[in-house]
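What follows is one structure encoded as structure tokens, with my remarks underneath.
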Amino acid sequence: MALLRAAALPAEGGPAWLPTHVQVTVVRARGLRCKGGGTKGKAGGSDAYTVIQLGREKYSTSVAEKSGGNPEWREECAFELPPEPGPRAGLVLTVMHRALVGMDRFLGQALVPLEPARQRGREPDER
């Protein structure tokens, strides 16, 4: 659901270098159940959006209206990495259906751990 990229590797023979930020590209979701009702006699689809969270920082994508089960966003955001990763440190991606009346509805969630990306440095993690 997301493309995760972490910063550079340490220089050869130089001091260890740790990435400070992570750039996230939310590309698409697949296989979501449609939650929206039809409007004006048309079949409905999900009005889906994704909330990306790292610690207390959050980013919300735009709403992919009537996206069916496979919404696409292709939106980017960046987060500052915490200096000391916690035991469950990672990006939490939550896909929601925007409800015009009442509360938005949960469609799915994924956790992308950041520790493997910290260890690899520049090598992109494309999940």
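Every number here is computed from the coordinates shown, using simple stated rules; none is lab data. Worth saying up front: this structure is predicted, and the values here are computed from it rather than measured. Counting neighbours? That spans all protein chains shown, and the Cβs are built from the backbone with ideal geometry, glycine included.
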How far apart, in nanometres, would the label points at residue 80 and residue 62 be if each is projected 7 angstrom from Cα along the Cα-to-Cβ direction?
2.8 nm
Once both labels are modelled 7 Å past Cα along the beta-carbon direction, what's the residue 109-residue 70 spacing in nm?
2.7 nm
What FRET efficiency comes out for the pair residue 98/residue 20, r = Cβ-Cβ distance, R0 = 30 Å, nearest 0.05?
0.35
If you count, for each residue, the other Cβ atoms within 10 Å and average over each peptide, how do 93-104, 67-78 line up from highest to lowest?
67-78, 93-104
